[in-house]
Amino acid sequence: MTSNNQRAALQNQIWKIANDVRGAVDGWDFKQFVLGTLFYRFISENFTNYIEGDDDEVNYPELPDSVITPEIKDDAVKTRGYFIYPSQLFVNVARNANTNPNLNTDLKAIFTAIESSANGYPSEEAIKGLFADFDTTSTRLGNTVENKNSRLAAVLKGVEGLQFGNFEDNQIDLFGDAYEFLISNYAANAGKSGGEFFTPQTVSKLIAQLALHKQKTVNKIYDPAAGSGSLLLQAKKHFDSHIIEEGFFGQEINHTTYNLARMNMFLHNINYDKFHIALGNTLLHPQLRDEKPFDAIVSNPPYSVNWIGDDDPTLINDDRFAPAGVLAPKSKADFAFVLHALSYLSGKGRAALVCFPGIFYRGGAEQKIRKYLVDSNYVETVISLAPNLFYGTTIAVNILVLSKHKTDSKTQFIDASGEGFFKKETNNNVLTAAHIERIMDLFDSKATVEHIASNIDNSKIAENDYNLSVSSYVAAKDNREVIDIAELNKEIAATVLKINALRADIDNIIKEIEA
């Protein structure tokens with residue numbers, strides 16, 4: 001099955017599930033049940049494959065729980081990070097979902113047991129609370145047990161109906177595509193909160209390629225505002241996983257999204273010992289200081305959010321912010337995320353960050369931070385993208401590429417916002433593989449292309465008040481019609497002669513009538 005066919009099948013099946021539970025579960029809440037069920041099916045099948053070990057004589061789902069010894073369970077948890085008994089597997093629960101009067105409580109007990117299986121093991125932090133947002137007893141599913149069970153059964157049977165074979169053999173990012181489809185259809189209900197932590201897969205792909213460009217190996221990759229983990233996972237999809245030596249790291253402030261990010265790691269066969277997603281406020285309580293530096297950093301931090309800023313005078317002494325000599329404004333934390341990323345970046349690495357355009361030209365503290373970045377020669381490239389690429393906003397965002405190993409004192413500017421850099425679709429613009437390749441070719445070559453790309457000496461940027469707006473250095477193409485004034489005057493003169501001749505003819509006709 002081709003990727004387009006798989007994606008269409010996935011979307012049709014999700015829409016069918018939505019119709020089955022419509023009217024009971026709000027669209028944005030509904031996504032938790034679909035994504036949670038996809039995850040439950042995946043880890044069940046993944047665990048089954050691990051236990052069976054390609055032995056055709058072993059059929060794990062059909063085994064009685066009683067045959068599982070403590071040694072088997074202990075070894076499995078040490079290897080896979082969790083344990084699932086045969087009776088707890090998705091395939092067995094889904095089979096009887098329509099007739100199980102205790103479905104909601106059985107699911108709750110199963111999810112608790114899966115999480116608890118990791119207690120006391122190194123994987124405990126990676127597994128704990130993974131199903132916290134899949135509340136099978138929630139009134140959002142209905143006010144009676146019967147209502148809850150019927151809707152849970154509809155979701156289970158719907159996900160059971162996805163016929164893609166092994167998850168790892170799919171041509172698409174099953175979880176990411178499901179998430180993107182749910183967001184695009186329920187954006188109105190989700191509001192800003194729906195799109196603020198999701199980066200479309202095509203933009204994620206571009207950011208990952210920028211951060212990992214020409215790096216044969218990286219020690220590890222980091223996202224300080226990890227969201228659902230899509231940016232980190234694009235790095236895995238684009239490159240052979242062995243070049244990311246120590247794994248995937250991130251921090252996320254939203255508890256629901258933090259759980260999605262951890263689920264996403266497992267869904268992409270990243271074992272618990274190869275990722276570390278932390279929960280908490282990255283700017284005020286960074287959890288991964290001991291893990292830095294990172295050879296690759298990717299992020300789409302929230303735009304212009306409030307933070308404590310200089311209301312906390314101790315922050316100016318923080319080693320992330322102190323070098324700039326000033327803190328990002330309290331109402332606009334964008335540059336706080338930029339400085340955080342820069343602090344965590346290794347000497348050989350790159351950071352590629354999605355940024356709100358305003359930070360590149362506003363004055364005050366943001367100008368002082370730009371001065372620090374330019375004078376220190378950390379800004380490699382600023383790329384302006386087309387508008388309407390993200391769900392929930394039509395803003396034409398920028399990508400800021402930071403590097404600590406530049407060999408010249410120039411900054412590259414790329415205008416990728418115009419025609420030829422996006423494809424128009426029904427609700428959003430999208431980047432295609434060809435658009436990404438074109439941007440990457442410009443980034444790699446550092447070529448000057450009229451109306452598209454330029455390389456500016458940092459001294460010139462300093463003279464321009466450290467303005468880093470792409471439009472300040474890449475002149476937009478003038479698409480207005482060129483008018484030849486001399487030729488136009490000739491045409492006007494000829495027209496006037498014709499008008500005068502017509503007037504004379506009309507006057508003569510009137511005189512004849514009056515005579």
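The values are calculated or read from the model by the stated rules, or taken from the named source; none is laboratory data. All values reported here derive from a predicted model rather than from experimental measurement. Ideal geometry is used to build each Cβ from the backbone, glycine not excepted, and the neighbour counts take in all protein chains shown. The accessibility values were calculated without ligands, DNA or RNA, using every heavy atom of the protein model including side chains. Shrake-Rupley method; radii C 1.70, N 1.55, O 1.52, S 1.80 Å.
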Exercise for the section: Check off (1) open to solvent by less than 10 Å² (accessible area, probe 1.4 Å); (2) in contact with a helix residue (DSSP H, G or I) (Cβ under 7 Å, 6 or more places away or on another chain) for residue 36 and give me the number that stays unchecked. Expected result: (2)
Exercise for the section: For segment 238-299, please list each of the strands (runs of 3 or more DSSP E) lying entirely inside it that holds at least 2 residues being closer than 25 Å to residue 332 by Cβ and without any contact (Cβ under 8 Å) to a residue 40 or more places away in the chain. Expected result: 248-252, 275-279
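When you go through 243, 277 one by one, which is the residue that is open to solvent by less than 30 Å² (accessible area, probe 1.4 Å) and over 20 Å from residue 300 (Cβ atoms)?
On the way: 277 fails: over 20 Å from residue 300 (Cβ atoms).
Answer to the selection: 243.
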Practice task
Quick one: which helices (runs of 4 or more DSSP H) lie wholly within segment 405-515 and hold at least 1 residues that are open to solvent by 60 Å² or more (accessible area, probe 1.4 Å) and closer than 30 Å to residue 366 by Cα?
Solution key: 433-445, 458-463
Exercise for the section: Answer yes or no: is there a residue in segment 314-332 that is modelled with pLDDT of 95 or more, closer than 22 Å to residue 444 by Cβ and of a type outside the set (A, V, I, L, M, F, W, C). Expected result: no
Problem - Check on residue 290, among the acidic types (Asp, Glu), at pLDDT 90 or above and surrounded by fewer than 24 Cβ atoms within 10 Å (Cβ to Cβ) - result: yes
Completion exercise
Residue hits (segment 49-73; of a type outside the set (A, V, I, L, M, F, W, C), more than 25 Å from residue 159 (Cβ to Cβ) and surrounded by 13 or more Cβ atoms within 10 Å (Cβ to Cβ)) are 73
Practice task
With respect to residue 208, determine if the residue is open to solvent by less than 30 Å² (accessible area, probe 1.4 Å), modelled with pLDDT under 90 and not in a loop (DSSP other than H, G, I, E, B).
Solution key: no
